[in-house]
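Nothing in this text is a laboratory measurement; each read-out follows from the coordinates by a stated rule. All figures in this text were calculated on a predicted structure; none of them were measured in a lab. Positions of Cβ are generated from backbone atoms using ideal geometry, with glycine treated the same way; all protein chains shown enter the neighbour counts.
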Amino acid sequence: MSAHLDTSHPTPVIEAESVVVRFSGDSGDGMQLTGIQFSDTTALLGNDLSTFPDYPSEIRAPGGTIAGVSGFQVNFGSREVFTPGDAYDVLVAMNAAALKVELPRLKPGGILIANTAGFDRRSLELAQYPDGVNPLEDGSLDGFTLHKIDISKLTKEALTDSGLSAKEVERSKNMFVLGLLFWLFDKSTEPSIQFLREKFAKHPELAEANVRVIQSGWNYGENAEIFPSRYRVRPATLPAGTYRSITGNQAIAIGLITAAERSGLPLFLGSYPITPATDILQELSRYKANGVKTFQAEDEIAGICAAIGAAYAGSLAATTTSGPGMALKTEAAGLATMLELPLVIVNVQRGGPSTGLPTKTEQADLLMAMYGRHGEAPLPVLAAASPSDCFSMAYEACRLAVEHMTPVVLLSDGYIANGAEPWRIPSEESLQPIRFEFLHQPNGPDGELRPYHRDERGVRPWIKPGTKGLEHRIGGLEKQSETGNVSYEALNHEIMVRQRAEKVERIAQNIPPATLDSGADKAHVLVLGWGSTYGSIKTAVRELLSEGCDVAHVHLRYLNPFPANLGALLAGYEQILVPEMNTGQLLQLIRAKYLVPAVGFSKIQGQPFTTGELKNRILEMLNS
Amino acid sequence: MQVALDEREVKLSPKDFVSGQEVKWCPGCGDYSILKQVQTIFPDLGIPKENFVFISGIGCSSRFTYYMDTYGMHSIHGRAVAIASGVKMANPELSVWVISGDGDSLSIGGNHFIHALRKNFDLNYLMFNNRIYSLTKGQYSPTSERGKVTKTTPFGSIEEPFNPLSLALGANAAFVARTLDRDPKHMQGVLRRAHEFKGAAFVEVLQNCPIFNDGAFFAFSDKNTKNEEAIFLQHGQPLVFGNNAEKGILLDGLTPRVVRLGEDGISASNLWIHDEQDKTKAFLLAHLDEIAAEGEHMPEPFGIIYARERLPYEELMEQQMRAIEARSGRIPLAKILAGNRTWTI
Ligand SMILES: Cc1ncc(C[n+]2csc(CCOP(=O)(O)OP(=O)(O)O)c2C)c(N)n1
Ligand code: SF4
Ligand SMILES: [Mg+2]
């Protein structure tokens, strides 16, 4: 965060290329809302950005404690931004615990805005500072640009005779932060004011109170003269188009609806709430007017089973969950594989095993997606690389499920599920059509029905109950090739196992080839990634390339089958590094399939890779 | 000519519902009778053949699906009704029949069982209760009686069994009935009622497994005991049973008592009159023998224990969707993609 000074304004404005702001406070302090509002406005005003909500799994951990700290991070820039950033330029700490947790990542000299009301004796004690120590007073923060502001008191003053209760007043203090930050970054308060007026349409007095607090935050920056300068991040030069801000979970929901609208199939979602996948069910429940049927089942098993029933009856069916729910769905996923019905299974991964780290991210369910069913039960596996990529991959999952009559697993994770970025809204025409037809006539040579007759891609027909003359039975028992009748015949089983596998393998001909994200097709080191590590890898590799390093980046969105050209592509590199938020799952698949000496790089801390970590590891490899 | 052809097509016979698959139940298995009764009543239910769908779980009972020449899915253990609910939500036009066993429904599928009844999808749920796990060759089930000796309870079961009627009522089922494999006429009547009922119709069919639990229900079909041990309920009719219909049941507060008609001035009008819509009495019926006065033995009830329609789930779902669509209209895809706020570069 540095560039030239503009002194025309009362407070000089410094131009910056990109800035990382971290809002941090107690779970009840409203930092998520503040962060989202700040980011939305930033995006609206043309910056590229990436956000990272980082909150505890407890709804309300005991107030003021370290466990209760809830953070929201945004990196916005006048150039392309792919990650929320490694370290903060600006930290807002609403209390002592937030400071304690976040300080290690504040850049030297960075701006620290501390709410002094959150640093009373009790708060310091809860944050486990030694007795008598107050970091705001003891000079330990001299290396930062510290602004001590009694935000609670200033909010109270802004709301004298507002008629609001003391509790409501206290809860508005996040809006003061928002106003102040808008001032600091020379941004309009209008979009947020409009948002508040819409949100509190039924309680105009609340809306106006919040607006007043935003304005007083802004005015405080303008008048208090404690900030020597303001910062301006010019709009980024992004490809022309209409943009919106989108989280991964929203993008999956919209991707599913779009596939339904484009295919003309009714959308059915069977799901059971679980962090961090619940938003998808919630989001889709809002589209009843479009014929979207959402079903909150009694458990994850019923969720996928209802979806299987809906797929059988001719719907575009999906089920959404996270790791523990994925485990419950495995038997039914095997049934769907056996029945050869289209079904989209979304797993928004979180830290595991068991309940693990419900609100933290991880990529540890890849092998489960690949192999987590009994018997030989291969199915296509896709993974989204960023919040907006969740749209494309959800759409793709639907397309492949329907076109190939198979369940498809789509992997996302907590990091991109909750993180947001600007998304250039695609035109409807730019989306690949989804091709399918229901069978209406017997398809056998003698005019009889062959429910498991395969076309040239190995795909069986989709036959809806209610279709006259095509009554037939399907089931989980092994079936005779072609007729679908129950068969225990030895050779038939082998034929069917191979046919089901081959059908999935052939999907490689219906997906795009793997392409380079950055770098050249021959290099010293290839960084091969999948899923949400995209942003960090892309940033790291781009920086290294600009420093003259011989490195390239390929990011996989199709994990089963792999793109047909992947083996040839990998052959262009001397070394392959596979960074993953697990102990090396893609690594195993790549090494097993292509017999290349790829090397893994793991981080299993519930936190995404930082660009710095990746750069260091890649440099090590380049220098070896 | 065309019309005549169509009419002929609509006239179905039981044979039209017999699939080509060889039926593989053991000789004498009660499942044969259930299949027969279903195939017997289906032709004149007024439903086009292609609109029938059978969804079954796993068990001897669940093989049923393969033998019906309708649409059908033989699924996985315990999950039939969860799948059936999806079929019904996706296409409410279909006549959906769930086939399941006592283990399939009340053990592994217990959660789906109670929730499907509570949510009240318009489907027919036939649970073949043989009080044993048959397909796995004879382990005790959640309906096996205490003390039952099976392969996994060589010293007798120590468990209290489920009472399926009561469990269904407790789950807020809208229709609860019981019938018997060895009483074809009665079964046909109950199945018709289940079919006509709009909502989840739960039918417990007591089914003999001659291999692993033979004779479990013979008392209710053997002509020497049937009239004493079974009572066949009729809506609006007094509870009468006995070889010469000489006995009745009356309610003394909440306690049922067996009385003799014509003795102590008791006539049919003093008896408990069956009311299908009375939930409290339905619970009493489900527990008849259990709650009888000390020393008194009660017959087991058969027929429609409880039936009270309320709107089925999928219909409420469609209604809500239509209402929202009427109010706010379909959201154009472009609007869905754009969300609330956009900006243009
Ligand atoms: C997940 C799973 N667990 C266990 C089994 C084995 N199994 C098959 S049928 C059955 C019990 C069947 O009993 P019931 O539902 O009463 O049906 P019946 O055979 O008596 O008709 C069991 C335990 C299975 N198929 N799947
Ligand atoms: S084992 Fe029992 S329930 Fe199963 S088919 Fe044989 S007789 Fe019928
Ligand atoms: Mg049984």
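Miscellaneous remarks
- A residue that is within 13 Å of ligand 1 (Cβ to nearest atom), within 14 Å of chain A (Cβ to nearest Cβ) and aliphatic (A, V, I, L, M) can be found somewhere in region B:128-139.
- Condition broken by A:P445, with the remaining ones in (1) within 14 Å of chain B (Cβ to nearest Cβ); (2) part of a loop (DSSP other than H, G, I, E, B) satisfied: (1)
- Long-range neighbours under 8 Å by Cβ, at least six apart or interchain, first residue at the interface with another protein chain (Cβ under 10 Å from one of its Cβ atoms) within region A:35-50, second assigned to a helix (DSSP H, G or I): A:D40/A:P191; A:D40/A:S192; A:D40/A:F195; A:T41/A:F182; A:T41/A:P191; A:T41/A:S192; A:L44/A:P191
- Single condition B:Q37 does not satisfy, out of (1) away from ligand 1 (no atom under 16 Å from the Cβ); (2) of a type outside the set (K, R); (3) buried (at least 21 other Cβ atoms within 10 Å of the Cβ); (4) within 14 Å of another protein chain (Cβ to nearest Cβ): (4)
Conditions (1) more than 16 Å from the chain's Cα centre (by Cα); (2) under 22 Å from A:G303 (Cα atoms); (3) of a type in the set (G, A, S), marked per residue:
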residue	(1), (2), (3)
A:L343	yes, yes, no
A:T361	no, no, no
A:A385	no, no, yes
A:D389	no, no, no
A:Y395	no, yes, no
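- Answer residue from region B:18-58, given it is within 22 Å of A:T337 (Cβ to Cβ) and of a type outside the set (F, W, Y) and is farthest from ligand 2 (Cβ to nearest atom) among those: B:V53
- Exclusive hit being closer than 17 Å to A:F23 by Cβ and in contact (Cβ under 8 Å) with a residue 24 or more places away in the chain, set A:S229, A:S188, A:S162, A:S192: A:S192
- Count of region B:143-156 residues which are within 16 Å of ligand 2 (Cβ to nearest atom) and either touching a helix residue (DSSP H, G or I) at 6+ places or on another chain (Cβ under 8 Å) or within 22 Å of B:L167 (Cα to Cα) (or both): 3
- Qualifying positions in region B:211-238 - surrounded by 14 or more Cβ atoms within 10 Å (Cβ to Cβ), in a loop (DSSP other than H, G, I, E, B) and within 12 Å of ligand 2 (Cβ to nearest atom): B:I211, B:F212, B:A216
- For A:F268: the one exception among (1) in contact (Cβ under 8 Å) with a residue 40 or more places away in the chain; (2) more than 10 Å from chain B (Cβ to nearest Cβ); (3) within 24 Å of B:Q319 (Cα to Cα): (2)
- Subset of region B:111-141 (residues that are touching a helix residue (DSSP H, G or I) at 6+ places or on another chain (Cβ under 6 Å), away from ligand 2 (no atom under 16 Å from the Cβ) and without any contact (Cβ under 8 Å) to a residue 60 or more places away in the chain): B:H112, B:F113
- Considering residues of region B:96-112 that are closer than 26 Å to A:G466 by Cβ and facing another protein chain (nearest Cβ under 10 Å) only, the residue farthest from ligand 1 (Cβ to nearest atom): B:V96
- Helices (runs of 4 or more DSSP H) fully within region B:267-345 counting 3 or more residues that are within 14 Å of chain A (Cβ to nearest Cβ), surrounded by 15 or more Cβ atoms within 10 Å (Cβ to Cβ) and of a type in the set (D, E): B:313-328
- Among residues that are within 13 Å of chain B (Cβ to nearest Cβ), surrounded by 13 or more Cβ atoms within 10 Å (Cβ to Cβ), at positive phi and not hydroxyl-bearing (S, T, Y), A:G466 is included.
- Extreme residue, surrounded by the fewest Cβ atoms within 10 Å (Cβ to Cβ), among residues of region A:226-248 that are in contact with a Pro (Cβ under 9 Å, 6 or more places away or on another chain) and away from chain B (no Cβ under 13 Å): A:P228
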